[in-house]
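S.K.: One structure, as structure tokens, below. Some questions next.
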Amino acid sequence: MTERRPPIQQIQDGHWSKDKTARRKPDHPVVRATFDPLADIVASCIDNPDESTALDVGCGNGFLQWALERRFRSVAGLDYSRQMLDVNPCMEKHLGSCTALPFRDKSFDVAVAAHLLHHLAEPDRLQTLVEMRRVARQAVVSFEPNRNNPLMFMFSVIKPEERMATRFSPSYMRGLFADAGLVRIHVHVEGWIVPNKAPTWWIPIGRALGHTPFRLLGLDICSVGQVRPWQDRTANKAMESDNK
């Protein structure tokens, strides 16, 4: 009898419970070349980031959070994997769920999630964005793999924990942001550098590709949505009821 494949959540739990100590650190040149541009995008979404606060949802080992700390007054990170938080060198870290953020409404100026949504089941993706919108005063930002990049698509097919990324395209992300009640949505692709595998010598090549027509096949989908000032917990509950 053929053994049943593990459910999606078991695959994800198994992946994120593995030892992550051998990974690169946030100040590694390749990691910085990957995440500094993403942090710049987050900072550009709001006025006066050096006086503002940010929440990194699914902060993991701190690649993006570390870069954000150099641009924002304060940055909180949240992750459900204790193993990832143990290797995260950033200052403020919380253990918790992205679908039920343990923060009050409008606690941060901006909420961001990098490479998180494609690890979640379909309903949890929308719920996570709704929660991010709830705790953000100004903007919600997401970075996800671009399935339209052939290399990213093949990688996603090969790796079981990455397989759900084959669903992620710019149009899919735009729809998710709209369903979450975000407005003035902007989606584009970005980057030709991967943090954990690219060698240092690839940095100038990856940057150069971003200034050629190949930029349209970037590795990351960057999605930015603004939060309506009047959106509050009541509005969120009404929207969640409509989606049931």
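S.K.: Anything in the range 67-119 that is over 11 Å from residue 56 (Cβ atoms) and of a type in the set (D, E, K, R)? List them, or say none.
M.R.: Correct list: 70, 71, 73, 82, 86, 104, 105, 106, 109.
S.K.: Give just the number: which of (1) surrounded by 14 or more Cβ atoms within 10 Å (Cβ to Cβ); (2) among the polar types (S, T, N, Q); (3) over 17 Å from residue 24 (Cβ atoms) does residue 48 not satisfy?
M.R.: With respect to (1) surrounded by 14 or more Cβ atoms within 10 Å (Cβ to Cβ); (2) among the polar types (S, T, N, Q); (3) over 17 Å from residue 24 (Cβ atoms), residue 48 is out only on (1).
S.K.: Is there any pair linking a residue in the range 158-176 that is of a type in the set (Lys, Arg) to one that is in a helix (DSSP H, G or I) and surrounded by 15 or more Cβ atoms within 10 Å (Cβ to Cβ), with Cβ under 7 Å and at least six apart or on different chains, and which?
M.R.: Partner pairs satisfying both residue conditions: 163/156.
S.K.: Taking residue 83 as meeting all but one of (1) surrounded by 22 or more Cβ atoms within 10 Å (Cβ to Cβ); (2) among the polar types (S, T, N, Q); (3) in contact with a Lys or Arg (Cβ under 9 Å, 6 or more places away or on another chain), write down the number of the exception.
M.R.: Going through (1) surrounded by 22 or more Cβ atoms within 10 Å (Cβ to Cβ); (2) among the polar types (S, T, N, Q); (3) in contact with a Lys or Arg (Cβ under 9 Å, 6 or more places away or on another chain) one by one, residue 83 breaks only (1).
S.K.: Kindly state which helices (runs of 4 or more DSSP H) lie completely within the range 130-244 and contain at least 2 residues that are at pLDDT 90 or above.
M.R.: On the way: elements: 150-158, 170-179, 202-209, 233-243.
The qualifying helices (runs of 4 or more DSSP H) are 150-158, 170-179, 202-209.
S.K.: Any idea which of 155, 103, 108 is free of Cβ contacts under 8 Å to residues at least 12 places away in the same chain and crowded, with 16+ Cβ neighbours inside 10 Å?
M.R.: Answer to the check: 155.
The values are calculated or read from the model by the stated rules, or taken from the named source; none is laboratory data. The shown structure was predicted, so the numbers you read here are calculated from the model rather than taken from an experiment. Quick reminder, even Gly has a Cβ in these numbers, built from the backbone with ideal geometry, and neighbours come from all protein chains shown.
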